[in-house]
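Chemist: Take this structure, written in structure tokens, and hold onto it; I'll ask about it next.
The values are calculated or read from the model by the stated rules, or taken from the named source; none is laboratory data. Quick caveat: nothing in here was measured; it's all calculated off a predicted structure. Cβ coordinates were reconstructed from backbone atoms using ideal geometry, including for glycine residues, and neighbour counts include every protein chain displayed. Heavy atoms of the whole protein, side chains included, go into the accessibility calculation; ligands, DNA and RNA do not. Shrake-Rupley method; radii C 1.70, N 1.55, O 1.52, S 1.80 Å.
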Amino acid sequence: FTTWIIFYGLPVFYPELVKNLGFSHSQVTQGILMGFLIATPFVGYLGSLIDRRGARSVIRFGLVFVGVPFILMGWMTHLWQYYLLSIAEVFGYILTGPIPHQVLIARWFRAARGRAMGYAYLGLGVGGAVSPVFVHFLIAHYGWRRAFEAAGLLILVVLLPIAQRVTRSAPAD
């Protein structure tokens, strides 16, 4: 869900940020770019972090780094706030994105690993189709600020408990 929201849902907010906060189109798109430029050097440490702490812990921590900034985006008024929150979003995406989930799948599936990866990426595709429609619905009915807050709350209220109660880093857990 975090990948859906960041990659496919966040761009739906861009016109609202331009219209309501006076950001330029390039400033809005630079937020995520800045996040990736700053976060990229840390991606190399992600594997060792997953090995030490487990994918479950990394994902839980990342969900906070996605959910809280989304809630705070509903309150932002300045470009520097958007940039800071975008950077946090990217760190959250890295911690909740494909790498920890691929580790989970690799640890849980031996015989049908390819099929499991296929289903996981099928979910990404479906989410990519659904997320912009969902975000547009939220914006149209509740406004862009409440839509940011709702997306963040969904991540914290739905995904964080799932990560806590359902996700296990390995079958032995």
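Chemist: Which whole-number percent of Cα pairs in the range 97-141 have a distance greater than 15 Å?
Modeler: Values: 529 of 990 pairs.
Above the 15 Å cut-off, the range 97-141 has 53 percent of its Cα pairs.
Chemist: Now for a separate question. Provide L72, L122, L79 ordered by accessible surface of protein heavy atoms (probe 1.4 Å), highest first. Show your work: numbers first, answer last.
Modeler: Values: L72 85, L122 105, L79 40 Å².
My answer, sorted largest first, is L122, L72, L79.
Chemist: Separate question: Mean residue ellipticity at 222 nm from the helices of the chain, using -39,500 (n - 2.57) per DSSP H segment of n ≥ 4 over the full residue count, to the nearest 500 deg cm²/dmol? Could the numbers behind the result be given before it?
Modeler: Numbers: 8 runs with 135 residues, N = 173.
About -26000 deg cm²/dmol.
Chemist: Still on this structure, I have one more. Probe radius 1.4 Å, ligands and nucleic acids left out: which of H78, H141 has the largest accessible area, and how do the rest follow? Spell out each step's value before the answer.
Modeler: Numbers: H78 95, H141 115 Å².
So the residues, ranked largest to smallest area, are H141, H78.
Chemist: Express in nm, to one decimal, how much length is gained between R145 and S24 on full extension, taking 0.36 nm for each residue of separation and deducting their alpha carbon distance.
Modeler: Values: separation 121, 0.36 × 121 = 43.56 nm, distance 1.80 nm.
Fully extending the segment from R145 to S24 adds 41.8 nm.
Chemist: Need one number: nm distance between label points at A129 and L37, each 7 Å from Cα along Cα→Cβ, rounded to one decimal.
Modeler: 3.6 nm
Chemist: Magnitude of the Cβ-charge dipole of the chain, K/R +1 and D/E -1, about the Cα centre, nearest 20 debye? Kindly include the intermediate steps, with their values, before the conclusion.
Modeler: Working: 13 positive and 5 negative charges, 119 e Å.
Here the chain has a charge dipole of around 580 debye.
Chemist: Another question, if that's okay. By accessible area of protein heavy atoms, probe 1.4 Å, what ranking do L153, L63, L124 get, highest first?
Modeler: Working: L153 90, L63 10, L124 50 Å².
My answer, sorted largest first, is L153, L124, L63.
Chemist: Note down the accessible area of F61, probe 1.4 Å, to the nearest 10 Å².
Modeler: 120 Å²
Chemist: (1) 69, 39, 35; (2) 105, 41, 33; (3) 52, 32, 25: which one is Cα extents along the principal axes in Å as calculated from this entry?
Modeler: (3)
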